[in-house]
1. Can you pull the percent of Cα pairs in the chain with separation above 22 Å?
2. Between Thr68, Thr143, Thr166, where does the largest GNM mean-square fluctuation fall for the chain, given springs only between Cα atoms within less than 10 Å?
3. Taking only Cα atoms and a 10 Å spring cutoff, compute GNM fluctuations for the chain and point out the largest among Ala104, Ala79, Ala141.
4. Please compute, for the alpha-carbon atoms of region 1-86, the extent along each of the three principal axes and give them in descending order in Å.
5. Return Asp74, Asp9, Asp179 ranked ascending by Cβ neighbour count within 10 Å, so the fewest neighbours appear first.
6. Using the Cβ atoms and a cut-off under 12 Å, what net charge is assigned to the surroundings of Cys184, where Lys and Arg are +1 and Asp and Glu are -1?
7. Only sites in a loop by DSSP and with at most 16 other Cβ atoms within 10 Å count here; which GluC sites (Glu not before Pro) in region 75-138 make the cut?
8. For region 93-98, take each phi angle, set θ = phi - 60°, evaluate the Karplus expression 6.51 cos²θ - 1.76 cosθ + 1.60, and give the result in whole Hz per residue in order, putting x for glycine and proline.
Amino acid sequence: MSATITGADGRERCRWCAATPEYVAYHDREWGFPVDDDRRLFEKLCLEGFQSGLSWRTILAKRENFRTAFAGFDFQRLAGWGEREVERLLQDEGIVRHRGKIEAVIHNAACARELARREGSLAAYFWRFEPDAGPVPPQSASTCAESVALSKALKQQGWKFVGPTTVYAFMQAMGLVNDHAHGCASRAEAQRARQAFVRPARGGDPKGCG
């Protein structure tokens, strides 16, 4: 079976876009394109945690509700939230009402605040785990060595809901890897964006935390 599918507009896209029309704009404009904005990086990592056990379609449909509920994923602000906010969020029908995942966002916000303080930004840290150029993993891959390393590093710093599979999905979405299928029109576009992207300054050993 081909890894791509032809859309009604004649554009070749990754086959997973066929699952629902809502995926098309996300695939064409976001997935795989490099991001260095800390709020967007934190948001995506949180949403990937919420997706665990669910479909991305469910999360994507609720994304604006999540943004409203979690103050635009401003981790500096979220780090000061507590049980009162957790109880309020558990009553919010617009999001996934899972206590453990809600608490993890608030907990991880404090971790993100400390990480940004120490490293200068979340982007500066996360982009240190960008895989070296080389063979592209098959689309069926759910982890890579770098996602395992980043997951381990984050867990050592106390982050929750950041397993290797969750982290790899985050890396795919945020452009740390270009996993658009060969033949997908967005693959070359994402690659050009990655080539023009200025990586945040690196420094130190990305595994030297904890």
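1. So the pairs more than 22 Å apart make up 50 percent of the total in the chain.
2. Ranking Thr68, Thr143, Thr166 by mean-square fluctuation puts Thr68 first.
3. Maximum fluctuation in the GNM of the chain, among the listed residues, is at Ala141.
4. Result for region 1-86: principal-axis Cα extents of 49, 27, 19 Å.
5. Asp9, Asp74, Asp179
6. 0
7. Glu93
8. Listing the rounded values in order: 6, x, 10, 7, 8, 10 Hz.
We did not get these values from a lab; they are worked out from the coordinates using the rules stated. Only a predicted model underlies this, so the values are computations on that prediction, with no experimental measurement involved. Glycine also receives a Cβ, built like all others from the backbone with ideal geometry; neighbour counts cover every protein chain displayed.
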